[in-house]
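Written out below as C-alpha cells is the structure these notes cover.
The values are calculated or read from the model by the stated rules, or taken from the named source; none is laboratory data. Because the structure is predicted, anything quoted here is derived from the model rather than measured. Quick reminder, even Gly has a Cβ in these numbers, built from the backbone with ideal geometry, and neighbours come from all protein chains shown. Areas reflect the complete protein model, heavy atoms only, side chains present, ligands, DNA and RNA absent. Shrake-Rupley method; radii C 1.70, N 1.55, O 1.52, S 1.80 Å.
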Amino acid sequence: MTTDIRGDLAPTGVLRASINLGNPVLAQGTVDAPTGVTVDIARVVAERLGVALELVGFDAARKSFEAMVSGRADICFLAVEPARAAEVAFTPPYVLIEGVYAVPVGSALATVGDVDRPGVRVGVNQGSAYDLYLTRTLRAATLVRAESGVAAFREQGLEAAAGARQPLAAYVAAHPTRGSSRSGSCRSRRRSGRC
C-alpha cells in the first residue's frame, strides 16, 4: 500500500469508517458493537492500509453521509446516488439492495407504476437512497420524509412506504392489517464500498 493511498484514505493514521446501522442489510448490532458486511469490509480495508480501525455508527444513511462530508469519517457505505456524487467518490458496488413499496391491505396500488399518481403519499426515511431516488423520479406522488418512513406510513395512514425489501417485509409480516405482502420493486439499489 503506498503512502499516498494510506494518506488519502486514513489521513489521521486511523481509518474512520462510518457504519449505517439504519440499514440491517448492511450492518447490525449497536453503535458500540456493530456487525455486518460493512464492518467486515472496513476491517479488511484497515488491514490492507496497515492502520487501526475506528467504527463510527449512525442510525441513518444521511447521518453517515454527513459524517463523511464533514470529515468525521474517512469511508462510508451508501447507495451510489447522483445527489451524493457531487461531494464524494464511489467505488464499484459491492452489494445490490432491492427497494420496494409496502401498501395497506386492500390497496388499489398493485404495481410499482400505480404509486406515481396524484394523491398518493409515500413514506420514506429522510435522506435515504430511496428518498433521493424517488425525489428524482416520482412525478405525481408526494413524498413524506420522516426519521422513519414506515412510522409515517403507519401513523399518517399513507398510501405507501418505500425502503429496503428486508425491513419492509419484516414490517409487513409484523403488521398484517396495515402492510400488504404486495410489495413492488421500486428499483434495485447499489451500495458502494467507499463514498
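A few comments on the model shown:
- Label of the coordinate-derived value, Cα extents along the principal axes in Å, listed as (1) 57, 43, 33; (2) 58, 31, 23; (3) 52, 36, 29: (2)
- Point-to-point label distance, residue 40-residue 175, nm (Cα→Cβ direction, 7 Å offset): 3.1
- Ordering of 78-88, 64-74, 27-37, 125-135 by packing [mean C-beta count within 10 Å, highest first]: 125-135, 64-74, 78-88, 27-37
- Surface composition of the chain: carbon plus sulfur atoms contribute 53% of the solvent-accessible area (1.4 Å probe, protein chains only, all chains present).
- Share antiparallel - DSSP beta bridges, the chain, percent rounded to 5: 50
- Rolling a 1.4 Å probe across the protein heavy atoms gives the chain an accessible surface of 47 Å² per residue.
- With N counted as the residues of segment 1-51, its alpha-carbon radius of gyration over 2.2 N^0.38 Å works out to 1.23.
- Relative contact order of the chain, pairs being alpha-carbon contacts under 8 Å that are 6 or more residues apart, as %: 26
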